[in-house]
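Notes for the one structure printed next.
The values are calculated or read from the model by the stated rules, or taken from the named source; none is laboratory data. All values reported here derive from a predicted model rather than from experimental measurement. FYI the Cβ positions are ideal-geometry reconstructions off the backbone, even for glycines, and counts take in every protein chain you see.
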Amino acid sequence: MPVIASPSILTGILCPACFLLLAKNPQSASQIVAEARQTIPEITVAQAKEELDQGQVGLVLDVREPAEWEKGHIPGVVLAPRGMLEWYADSTTPYAKPELTTKRDARIIVACASGGRSMLAAETLKKMGYTNVVNMAGGFNEWSKQGFPVE
């Protein structure tokens, strides 16, 4: 059996026993998203538009990649690609985005292309102490399909 150099280095926060359990029972992307869906509320694009129109939203966070965002995005969104989210959301890092870090208790709607990445991003924000985070089901694709404003 090969020796793994310190599972804690590889896992960050998992104990060695947890690491071994996950290694023997890997999850698919859809299983991970489904698990996040158990704890993260979702709203439809119509609900998101209504909340925005009524001024109930502190921030819409787009976690797509810059190339996706450049092709079109919801007006007024803040771009925070999922790969940098933790650093943008943490006020102690040099990458912190004040437009995000100052909204810990505000209503945050997280969006991506179709809702999977944003679900995982919303879960991450919740773990980081953001208190009013929701996922926008259907993402930008559904938003634009419904004919809602796009920049």
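Structure data summary
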quantity	calculated
Given (1) buried (at least 18 other Cβ atoms within 10 Å of the Cβ); (2) of a type in the set (S, T, N, Q); (3) not in a helix (DSSP H, G or I), index of the condition residue 91 fails	(1)
Unique residue being over 26 Å from residue 32 (Cα atoms) and polar (S, T, N, Q) when the list is 131, 92, 124	92
Elements of type helices (runs of 4 or more DSSP H) in segment 22-87, at least 2 residues being surrounded by fewer than 16 Cβ atoms within 10 Å (Cβ to Cβ) and touching a residue at least 60 places away in the same chain (Cβ under 8 Å)	29-37
Residue in segment 61-69 that is of a type in the set (Val, Ile, Thr), closer than 17 Å to residue 107 by Cα and more than 11 Å from the chain's Cα centre (by Cα) present	no
Members of segment 25-69 that are under 14 Å from residue 120 (Cβ atoms) and of a type in the set (Ser, Thr, Tyr)	28, 30, 39
Segment 63-81: number of residues that are closer than 21 Å to residue 129 by Cβ and either touching a Cys at 6+ places or on another chain (Cβ under 7 Å) or modelled with pLDDT under 95 (or both)	1
Members of segment 9-21 found to be modelled with pLDDT of 60 or more and either assigned by TED's automatic domain parsing to the domain that holds residue 117 or exposed (fewer than 11 other Cβ atoms within 10 Å of the Cβ) (or both), listed by number	13, 17
Pairs where the first residue, in segment 99-122, is outside any strand (DSSP E or B) and the second is among the aromatic types (Phe, Trp, Tyr), C-beta under 6 Å, 6+ apart	100/88; 104/130; 113/140
